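The values are calculated or read from the model by the stated rules, or taken from the named source; none is laboratory data. Just so you know, these numbers come straight off a predicted model, no measurement behind them. All Cβ positions, even for glycine, are placed from backbone atoms using ideal geometry, and neighbour counts span all protein chains on display.
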Amino acid sequence: MATLKDRRQVLMARLGELDARLHGIESELDTERSKDWDDAAIEREGDEVLEHLGQAGQDEIRRIRAALQRIRDGEYGFCGRCGEEISAERLDVVPDTPLCRNCAAAVG
């Protein structure tokens, strides 16, 4: 069973991966674009995909930072809605979750 230290390490590692990915996306979006209309249209579509991936990455970073704050506050592993303990199995799958399975199902 994973310890709090293990979960923190997983969250920190994922934060590092996301940071590297977002820097790569920013670099790709900052590259000079083609002047050819057809190529430019394809590049714009690619940029939209990259922007979506970047937004998803930023959302995940916010969730991870919130989870790390809950660790610091001693609140990690407890549902932010009902206060019940979040199962270890759920934290193994979704380590940044603020909600137990029941509350997550009720919300979404």
Test Ser34 against the stated conditions and say whether it is touching an Asp or Glu at 6+ places or on another chain (Cβ under 7 Å), surrounded by fewer than 13 Cβ atoms within 10 Å (Cβ to Cβ) and at pLDDT below 95.
yes
Just to be sure I understand the filter: pairs with C-beta atoms under 8 Å, separated by 6 or more residues or on different chains, first member in the range 5-28 and within 19 Å of Asp96 (Cα to Cα), second member surrounded by 11 or more Cβ atoms within 10 Å (Cβ to Cβ) and of a type in the set (Lys, Arg). Which pairs pass?
Leu15/Arg65
Within the range 67-108, residues part of a loop (DSSP other than H, G, I, E, B) and of a type in the set (Val, Ile, Thr) come out as Ile86, Val94, Thr97
Looking only at the range 69-80, filter to residues that are over 22 Å from Gln58 (Cα atoms) and of a type in the set (D, E, K, R); which one of those is surrounded by the most Cβ atoms within 10 Å (Cβ to Cβ)?
Glu75
Matching residues, the range 81-108, being small (Gly, Ala, Ser) and either surrounded by fewer than 16 Cβ atoms within 10 Å (Cβ to Cβ) or touching a strand residue (DSSP E or B) at 6+ places or on another chain (Cβ under 6 Å) (or both)
Gly83, Ser87, Ala88, Ala105, Ala106, Gly108
